[in-house]
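Quick notes on the structure that follows.
FYI, it's all coordinate maths here, none of it is from the lab. In this text, all values refer to a predicted model and were calculated from it rather than measured experimentally. Positions of Cβ are generated from backbone atoms using ideal geometry, with glycine treated the same way; all protein chains shown enter the neighbour counts.
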Amino acid sequence: MLSLQSAMNAKVDPNWVAARYPYMRAVVIEAAEAIEHHGWKWWKKQEKDLPQLQMELIDIWHFLLSEILLNEEGSEAAALLKLTEQLESIPGSQQVDFDGKLYNLNSIELLDQLELLIALSAARKVELSVFAAIMGNCEMDWTELYCQYVGKNVLNFFRQDHGYQDGSYQKIWNGREDNAYLVEAMAELDPGDAKYKDKLYSALSNHYPN
């Protein structure tokens, strides 16, 4: 995933390491969008959209990987060591200290976990134990994260290939966001297929408005 993310960042900007984009700011925004897909308004009826909520987590993961890579000056090997170190510490990291307060990840609800992720990200802190707790509450494990990450990586390349940077890309296809088509395509394909990425790209191409 680090390799795929590095390639995606280079697709957007070959000099992405030197540019030092604010990836953690992007995490803040994506986590807020996840809250919207969950539903938080106590004054109206809302339904949790789990597939779209999971998709927001994939977007968050893109930016967390990017931040880890950036902190290691783009070195995938160094980033892998840092990532592995954090992942191995997760089982014992059920409490997070932030702004002088201890948060027990097992005793706070998903919305509160998302708010904590936003706060940490605004402070430019990568805390994967919080992300892992959110994943669990969104019915995702690391294998599912990987499969969905690959899917969204394909969509991101598709967007770049069709004018995302110059503004010509159409994100709404026949009244629906491109993410919705991606979710449907992923459900119809086998992630174990050696041509999974190519088939996903073709499926998106078939739906994209001319």
ask   = Which ordering of Glu85, Glu30 is given by a fewest-first count of other beta-carbon atoms within 10 Å?
value = Glu85, Glu30
task = Please arrange Cys138, Cys147 by counting, for each residue, the other beta carbons lying within 10 Å of its beta carbon, fewest first.
result = Cys147, Cys138
Proximal charge balance of Ala180 [Cβ under 12 Å; K/R count +1, D/E count -1] = -2
task = Take the cross-link list Lys44/Lys171; Lys45/Lys125; Lys45/Lys171; Lys11/Lys125; Lys11/Lys152; Lys11/Lys171 and give me the ones stretching past 23 Å between alpha-carbons.
result = Lys44/Lys171; Lys45/Lys125; Lys45/Lys171; Lys11/Lys125
request  = Any chance you could check the Cα centroid distance between segment 87-127 and segment 49-70 for me, in angstrom?
outcome  = 16 Å
task = Taking the Cα centre of the chain as origin, work out the dipole magnitude from +1 charges on Lys and Arg Cβ and -1 charges on Asp and Glu Cβ, in debye rounded to 20.
result = 420 debye
Local electrostatic count, Asp59, Cβ distance below 14 Å [Lys/Arg +1, Asp/Glu -1] = -3
Most fluctuating residue given options Glu144, Glu36, Glu184, as computed from a GNM of the chain linking Cα atoms under 10 Å = Glu184
remark   = Counted neighbours (other Cβ, 10 Å), sorted fewest up, put Trp43, Trp16 in the order Trp43, Trp16
message = Counting only other residues whose beta carbon sits under 12 Å from that of Lys199, what net charge do I get with K and R as +1, D and E as -1?
response = -2
